[in-house]
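Participant: Following this message is one structure expressed as structure tokens.
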Amino acid sequence: MEDDAHIDEAAWERLVKNMLRAEMMLRGISYEQLVVRLASLGMIENVPNLRNKVARGRFTAPFFAQCMVAIGVDRLQIPTAEQIRTELGGEHAAQTLAKGKRS
């Protein structure tokens, strides 16, 4: 693989953060509502901690899966490497992801 094709760790973190935010946007779920939904699964979070965790984009795969279940996601569309390198690796790609799912 060429060096210019490399996707850095920060881009992966932005991707999962934006995937989570996009699913919340699509369903109209706030951080407050997500805290309640996570609690129903036995995951205790508070709004400020949840917001910070998501903003950083540095969370575990189990946490991501818990959020997806709490939100009600039954299928995920994972972007291609090229999409991550271009439009979806950016800081504010949640809207792009959400719009793509609506189409």
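Participant: Which numbered condition trips up residue 42, out of (1) over 13 Å from residue 23 (Cβ atoms); (2) modelled with pLDDT of 95 or more; (3) of a type in the set (Gly, Ala, Ser); (4) not in a loop (DSSP other than H, G, I, E, B)?
Facilitator: (4)
Participant: Another question, if that's okay. Can you pull out the residues in the range 58-103 that are in a loop (DSSP other than H, G, I, E, B) and either at pLDDT 90 or above or of a type in the set (Lys, Arg) (or both)?
Facilitator: Correct list: 58, 59, 60, 72, 73, 74, 75, 76.
Participant: Mind listing whichever residues of the range 1-58 are farther than 25 Å from residue 96 by Cα and among the small types (Gly, Ala, Ser)?
Facilitator: Scanning the range 1-58 gives 39, 40, 42.
Participant: Follow-up question, since we're still on this one. Within the range 13-33, which residues are more than 14 Å from residue 94 (Cβ to Cβ) and either in contact with a His (Cβ under 6 Å, 6 or more places away or on another chain) or of a type outside the set (S, T, N, Q) (or both)?
Facilitator: Within the range 13-33, just 32 meets the criteria.
Participant: Specify which of the listed residues (32, 13, 23) is acidic (Asp, Glu), more than 14 Å from residue 73 (Cβ to Cβ), in a helix (DSSP H, G or I) and touching a residue at least 40 places away in the same chain (Cβ under 8 Å). Spell out how you get there, then give the answer.
Facilitator: Numbers: 32 fails: touching a residue at least 40 places away in the same chain (Cβ under 8 Å); 23 fails: more than 14 Å from residue 73 (Cβ to Cβ).
Testing whether each residue is acidic (Asp, Glu), more than 14 Å from residue 73 (Cβ to Cβ), in a helix (DSSP H, G or I) and touching a residue at least 40 places away in the same chain (Cβ under 8 Å) leaves just 13.
Participant: Are there any pairs, at least 6 apart or on different chains, whose C-beta atoms fall under 8 Å, with the first in the range 59-75 and buried (at least 17 other Cβ atoms within 10 Å of the Cβ) and the second at pLDDT 95 or above and β-branched (Val, Ile, Thr), and if so, which?
Facilitator: Partner pairs satisfying both residue conditions: 71/29.
Participant: Filter the range 1-10 down to the residues that are outside any helix (DSSP H, G or I) and loosely packed, with under 11 Cβ neighbours inside 10 Å, then identify the one that is modelled with the lowest pLDDT.
Facilitator: Step by step, filter the range 1-10, then rank; the result is 1.
The values are calculated or read from the model by the stated rules, or taken from the named source; none is laboratory data. Bear in mind that the values here come from a model prediction, so they are computed numbers and not experimental data. Note: ideal-geometry Cβ built from the backbone for every residue, glycine included; neighbour counts use all protein chains shown.
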